[in-house]
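I have placed the structure first, in the form of structure tokens, so that the comments after it can refer back to it.
The values are calculated or read from the model by the stated rules, or taken from the named source; none is laboratory data. As the structure is a prediction and not an experimental result, all values here were calculated from the model. With ideal geometry, Cβ positions are generated from the backbone for all residues, glycine too; neighbour counts draw on all protein chains shown. For accessibility, only protein heavy atoms count, side chains too; no ligands or nucleic acids. Shrake-Rupley method; radii C 1.70, N 1.55, O 1.52, S 1.80 Å.
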Amino acid sequence: MRIAMIGTGYVGLVSGACFADFGHRVCCVDKDEAKIDGLNAGKMPIWEPGLEALVKFNADHGRLTFTKDVVEGVKDAEAVFIAVGTPARRGDGHADLTYVFEAVRELAKVITPGTVVVTKSTVPVGTGDKIEEILREEGVTDVSVASNPEFLREGAAIADFKHPDRIVVGAENSHAQDVLKEIYRPLFLNRAPILITSRRTAELTKYAANAFLAVKISFINEIADLCEAVDADVQDVARGIGLDNRIGAKFLHAGPGYGGSCFPKDTLALLQTAENAGVDQRIVRTTVKVNDDRKASMVERVERAIGGDLQGKAVGVLGLAFKPNTDDMRDAPSIPLIEGLVKRGAKVRAFDPVATEQAERVLSGIEFVDEAYKAAEDADVLVIVTEWDEFRALDLEKVAKSMRGNVLMDLRNVYDREEAEEAGLAYYGVGRGRFGK
Ligand code: NAD
């Protein structure tokens, strides 16, 4: 198949490279010239494990190309995927569809009859209908509009794309269904379940999935708070419930609250959809509040552990990206934490294995260092914010010796209290017995 991918970000680039790897001919389009120039020169715009090799292999075999020119990208395509950003609109949290509609108007100029336009971006229910309307306004007839939401996780994006739990296709006619089945055929043959639904159902399924995961995280975070009050261990509670197949072990890790490019904006957008439809979604609304409060409260945790006053205190921060194996800083829990620390007069020294460049754009007034141990040097407290593998095997004695104070605030429960205490550190995990016991 000949495929155009409009938007070459985390989703567009990974999807484009994987489709090319299935044997399709893919042209990735982006209006960000620097991104396309970089990709044409072999430079990845994002950090994602395995991506560089996959892109290079498929580009070298002529199956994957990059362009700034939508005409060039779309002209022969049998399917045009839209994978542009859908950030939360300022003020009301509605998904901002400006980029999607702009892309539709651009592709309308070149698209040929029979083509299938597919939204891979996460878009609210009814967006497919609006896209059809725009296409009609632009005089385009005889094209289908389908929804194919993406469920990949940053940091494991290629594996997720190639071995998905399911593929959801929302298509209103058999031609669109057939084209999408053909595109995904290699996965279909590997028995990845493909779920064909109405377009509106597919659009909503993506939001329901992310909202449910956000609820799960917030649930275990609140149980962690209860553990701290009643002297129980949330790690064991999570295991105790997660081994129950009806519950499942994933997304039951207590921590500083969820962040990233999807959950915060998608939960807000779901609430907007619900409000417009006149149906309250109390569980999701509460989850958003629980999570916002949690992220904002992390600075107080540090303050409490250190005895009340952060003024002049040195805080080492390990991990800035919203999760390991990505450089994505969007809505990362590290941001409100660090901003709060700086506001209260702390001196912050931070390290992330790959996200420093992105972090420098959103965080100011702190020092970025190029090694985990340097973040610990002379620190009164060391905070693990993102559970990168390399933070799981620190020499804690070395850390303790190089610090001025001795507080290890482990917001990801990477270490055990005993090993930290043996190294001479005062250990503060999340939901693991009474706080600072
Ligand atoms: P991103 O910001 O990394 O990439 C979007 C890209 O689209 C940018 O490079 C931008 O320059 C480009 N773009 C915008 N308008 C364009 C236009 N008119 N023509 C060409 N290019 C244009 O975003 P992302 O993280 O890849 O997310 C894309 C969508 O996928 C969002 O709706 C998101 O919710 C959804 N999604 C993201 C993830 C994830 O983990 N990041 C997972 C599943 C779904």
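Laid out as a table, the results:
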| quantity | calculated |
| --- | --- |
| Check on Val140, part of a loop (DSSP other than H, G, I, E, B) and more than 16 Å from the ligand (Cβ to nearest atom) | yes |
| Test result for Val179, within 27 Å of Thr273 (Cα to Cα) and either in contact with a Phe, Trp or Tyr (Cβ under 9 Å, 6 or more places away or on another chain) or crowded, with 21+ Cβ neighbours inside 10 Å (or both) | no |
| Verdict on Glu106 being in a loop (DSSP other than H, G, I, E, B) and in contact (Cβ under 8 Å) with a residue 24 or more places away in the chain | no |
| Criterion: away from the ligand (no atom under 15 Å from the Cβ), at pLDDT 95 or above and not β-branched (Val, Ile, Thr) - qualifying residue of Asn173, Asn148 | Asn173 |
| Wholly within the stretch 182-247, helices (runs of 4 or more DSSP H) carrying at least 1 residues that are under 26 Å from Arg282 (Cβ atoms) and without any contact (Cβ under 8 Å) to a residue 24 or more places away in the chain | 199-230, 234-242 |
| Helices (runs of 4 or more DSSP H) within the stretch 1-84 that include 1 or more residues near the ligand (Cβ under 10 Å from one of its atoms) | 10-21, 33-40, 70-74 |
| Test for Pro256: is it crowded, with 20+ Cβ neighbours inside 10 Å, in contact with a strand residue (DSSP E or B) (Cβ under 8 Å, 6 or more places away or on another chain) and on the phi < 0 side of the Ramachandran plot | no |
| Lone qualifier among Asp231, Asp225, Asp244 - being under 21 Å from Val385 (Cβ atoms) and surrounded by fewer than 22 Cβ atoms within 10 Å (Cβ to Cβ) | Asp225 |
| Test for Phe101: is it open to solvent by 10 Å² or more (accessible area, probe 1.4 Å), within 15 Å of the ligand (Cβ to nearest atom), at pLDDT 95 or above and in a loop (DSSP other than H, G, I, E, B) | no |
